[in-house]
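What follows is a single structure, written as structure tokens, with notes after it.
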Amino acid sequence: MSMEEAFALAEAEAKLKAALNECQARFDKAKMPDRRNEDWRFGRPHVYAKQLVDTITARDNHNYFERMVICDKGNAATRLTRDDDDLLQTEMLMQTIGSDALLKRHIERFEDGYSLYIEEDTTEVIELVYETRSFCSPSTFIMVAPGVKAEVHIIYSCLEIGNIFAACNIQVAAGAELKVRVQAESDGSDGRCMIITNIQNMGGKVMHLTEYRGLRWAREETVAELYSPGSETKLFSANRLVGDSVLDQHTRQIHHVGGASSDLLYKNVVDDNATAIFAGNIYVAPGAHNTDAYQSNRNMLLSEKATVHSLPGLEILADKVRCSHGSASAPMDDEQLFYLCSRGISRRDAQLLVADGFLADVLNKFHGESQSS
Amino acid sequence: MDESPFQIDTRGEFVFPENHRFDAGYGLTEATIDYICDAKGEPDWVRAFRKDALRRFHEMPMPTHWAPEGINDLDFDKIRYYLAHGTAPYKSWEDVPDDVKRTFERLGVPEQERAFLAGVDAQYDSETAYNNMREELSKQGVIFVNSTEGLREYEHIFRPWFGKVIPVNDNKFSALNHAAFSGGSFIYVPKGVKLSQPLQAYFRINSESMGQFERTLIIADEGAELMYMEGCTAPKYDSATLHSGVVELVALKGAKIQYVTVQNWATNVYNLVIQRGLAMEDAEIRWIDCNIGSGLTMKYPAVVLQGRRARGEVISISLAHSGQLQDTGARMIHAAPETTSNIVAKSISIGEGRASYRGEVNVLKGMKGCKNNTECDALLINATSRTDTYPAISVNGNASAVQHEASVSQVDEEMLFYMQQRGLTRAQAMSLAVNGFINDLVKEFPMEYSVELRRLIDLEMEDSIG
């Protein structure tokens, strides 16, 4: 090792140490979610968060997975162990949107999950399934090497009254292309799921889609960071909420450098007594000129008791940027319904068709227009 | 060349020596309140009311997640809460003391009154110095006095609405204003009376470390219409000056109120104003808001749409130079069916200036057929300028439509190049582009103000780049 290399290494180590210390300080100060915390204002923390905390804290380190499966022909995956310091550090450095206290507890006890290092193009979708009947708190790490194309499908399945608290860290190198589809679902009456995702884009292309089905309560915190010019990150979400379910989505698009682009499209169909919350933020750092950043939240309200809270946000500290956000919440178009009904389709079916069409737009964008679902 | 392509309008930058008969000193205590009440000769219920508000003010925390960081630098003990020449306003221009008269003459108030106003109220530090209204209006039953006189002479109209739109415990600054309020206007327009000319108030802070807590209540009875304009200036001192007004509007059935503000405080002024209107059935309230001055502005005009088919509108322009934070926005509460609202906000950030939009649109449960449209656009002039947008939109039920759009952009180099090619200087081109950006909003201001606004922007551009 040359002198310069030794210096560089020492410097990098010092930086990492400082960053970890900072995280530790942040964790020490972190408070449990409550309604006075702006990031939890509409998310009903008084009803849901406490139980989540209790379950994370009370759980011992046994494996509570009903099923943890990975279909990966390329053998890129390794089962996580606690002894891996690198992974622990990566997890410590993760950003949350108001849930540092929960992440801290997760790190104290995390044991299971998968780490995926994708070095070669994959032809088949890598599938990861986490399934629980009680409570599980998995970690997932996905790293994609320069120039590699891959697609990953993560399924979080809460059976019966299962709860999941998941942390997911995605790093994409220059020239790489990654598609991640995250599906959180429940077949029971009280499935709850919370997912914290960090996407670090170093110059590749990332598409990230989340779908929540049948959960009583779900919270998403997605932080997408763009670190080099030419990075492109697209975030999607499409959900249909029924019953008295609550979906609480928080996103942050952080442009550290100029010349990168990010886009977000979150659509929800809200029926019955359900509540959809979207709080997004685009942050363009000082000097990150020539940034393109967009954010769009669309909600279709189907019942009198459905509720939508939408808080899109922009913080622009640079010049020569193209940024916009839009939010619209409206009922279903009567004319579209009338058109379908006049062709003999029942009102209920017509509603489902229009709602499907509304959400299909997002799925098409994720899968590519040609591969219509 | 100056760092910023703009210069702040400096016409308000002059000061006359202080010459006050009443001075309550620094800090706000029960003794201060007794001093204010004694000076004004207020009834006991007002004294008790103020003291109760003071207690709440001390109990309440500073606003947290909404407030910008700069607000914690504000020291309530270093503010003077009551300074006045006398407590009764002069009705004739000749009687106004010389230094006050010179102040307002310099700001062009008497000419404007002669030219196009129906009435004027000029506040100097804590009290109104001059108040006048055209005679034919008082014959129609229009009341236009300062708040002290309103409470004394028209208690039966004033008191039922006093603190009803903005309650004392709304937030810390509302409590502060309820405790220390002085000056501001009380206006009552009777049923069916439509004012063809606007009423104007002029707010002037002359003294150092002054806190101005004006209180305005405007009641438009059924079918009445009026336009009210306010302008604000202050000289720049080294110590902070606080302007924390409360403005309550009540538009009864079918009434229309337009409230125009052009705020040009000096950059050491904290401008923390609460403005809220209550619109009953078929009524309309429009806030037209222009923020050019002050170091820190927090101002979110609100309309509570309380009656069926009520309409609310906020039109807002803000200009943030280096050292300024314009935290402005709008709130619309749809509390009745078929209510509609519109928000258009445009901001310009220059140098290291920061302009933020904060908004709330809330369609309450069970309200059908409500519509809201929100647009906010930001223009960034320099690489160090900053802009933020933080809207919060809540919709309950499937019978209302709400949409929000925001965009951020900068003056297009190509556009400037095109204009320069045709013989304009860069400053002229820039000024034309900025004027184009806010053109559709400037049209909403009364003629005299819109001409003034355009001239202001032209001037600032030419001063710097040309």
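Values quoted throughout were computed directly from the atomic coordinates according to the rules given, and no laboratory measurement underlies them. What you see is a predicted model; the values in this text were computed from it and never measured. Backbone-built Cβ (ideal geometry, glycine too); neighbour counts: all protein chains shown.
Numbers below:
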read-out: Distance in nm between pseudo-label sites at B:Arg308 and B:Phe76 (7 Å out along the Cβ direction from Cα); value: 4.4
read-out: Tilt relative to chain A, helix A:100-109 - C-alpha long axis, 0 to 90 degrees, to 10; value: 60
read-out: The stretch A:10-331, dipole about Cα centre (Lys/Arg Cβ +1, Asp/Glu Cβ -1), debye to the nearest 20; value: 880
read-out: Principal-axis tilt of helix A:3-29 within chain A, Cα atoms, nearest 10 degrees; value: 50
read-out: Within chain A, helix-based [θ] at 222 nm, where runs of 4 or more DSSP H residues each add -39,500 (n - 2.57), nearest 500; value: -7500 deg cm²/dmol
read-out: Exceeding the 29 Å Cα-Cα cut-off - candidates B:Lys91/B:Lys194; A:Lys50/A:Lys365; B:Lys40/B:Lys164; value: A:Lys50/A:Lys365
read-out: Simple Cβ-charge dipole of the protein assembly as shown, Lys/Arg +1 and Asp/Glu -1, about Cα centre, in debye nearest 20; value: 2080
read-out: Antiparallel %, DSSP beta bridges [both residues in the protein assembly as shown], to 5; value: 15
read-out: Residue order, fewest to most beta carbons within 10 Å, for B:Arg308, A:Arg36; value: A:Arg36, B:Arg308
read-out: Euclidean distance between Cα centres, the stretch B:301-338 to the stretch A:119-175, Å; value: 44
read-out: With Cα atoms, 0 to 90° folded angle of helix A:45-58 axis to chain A main axis; value: 40
read-out: Farthest toward positive dipole pole in chain B [+1 Lys/Arg, -1 Asp/Glu at C-beta], among B:Ala336, B:Val273, B:Ser207; value: B:Ala336
read-out: Exposure proxy order (Cβ contacts within 10 Å, fewest to most) of B:Val395, B:Val442; value: B:Val442, B:Val395
read-out: Of A:Lys320/B:Lys346; A:Lys305/B:Lys256; B:Lys51/B:Lys139, pairs whose Cα-Cα distance is over 28 Å; value: A:Lys305/B:Lys256; B:Lys51/B:Lys139
read-out: 12 Å beta-carbon shell around B:Asp282, net charge (K/R +1, D/E -1); value: +1
read-out: Farthest positive-ward along the stretch A:10-331 dipole, Cα basis, beta-carbon charges - from A:Ser186, A:Ser261, A:Leu311; value: A:Leu311
read-out: Projected label distance in nm at A:Ser134 and A:Glu335, using a 7 Å step from Cα toward the beta-carbon; value: 5.7
read-out: Label point distance in nm, A:Asn21-B:Met60, each placed 7 Å from Cα along Cα→Cβ; value: 4.2
read-out: Cα-centred dipole magnitude for chain B, charges only on beta-carbon of K, R (+1) and D, E (-1), debye, nearest 20; value: 1400
read-out: Cβ-based exposure ranking for B:Glu248, A:Glu5, in which fewest neighbours within 10 Å come first; value: A:Glu5, B:Glu248
read-out: Positive dipole terminus of chain B, leading residue within B:Gln263, B:Ala399, B:Trp287 (C-beta point charges); value: B:Ala399
read-out: J(HN,Hα) series, the stretch A:83-94, from Karplus relation 6.51 cos²θ - 1.76 cosθ + 1.60, nearest Hz, glycine and proline x; value: 6, 6, 4, 4, 5, 4, 5, 4, 5, 4, 7, 5
read-out: MRE, 222 nm, helices only [DSSP H, n ≥ 4, -39500 (n - 2.57), over chain B, to nearest 500]; value: -7500 deg cm²/dmol
read-out: DSSP-defined antiparallel bridges as percent of all bridges, the stretch A:10-331, nearest 5; value: 5
read-out: Shape category assigned to the protein assembly as shown from the gyration tensor of Cα positions, a/c cut at 1.5; value: prolate
read-out: Cβ neighbours within 10 Å from other chains - mean over B:365-378; value: 1
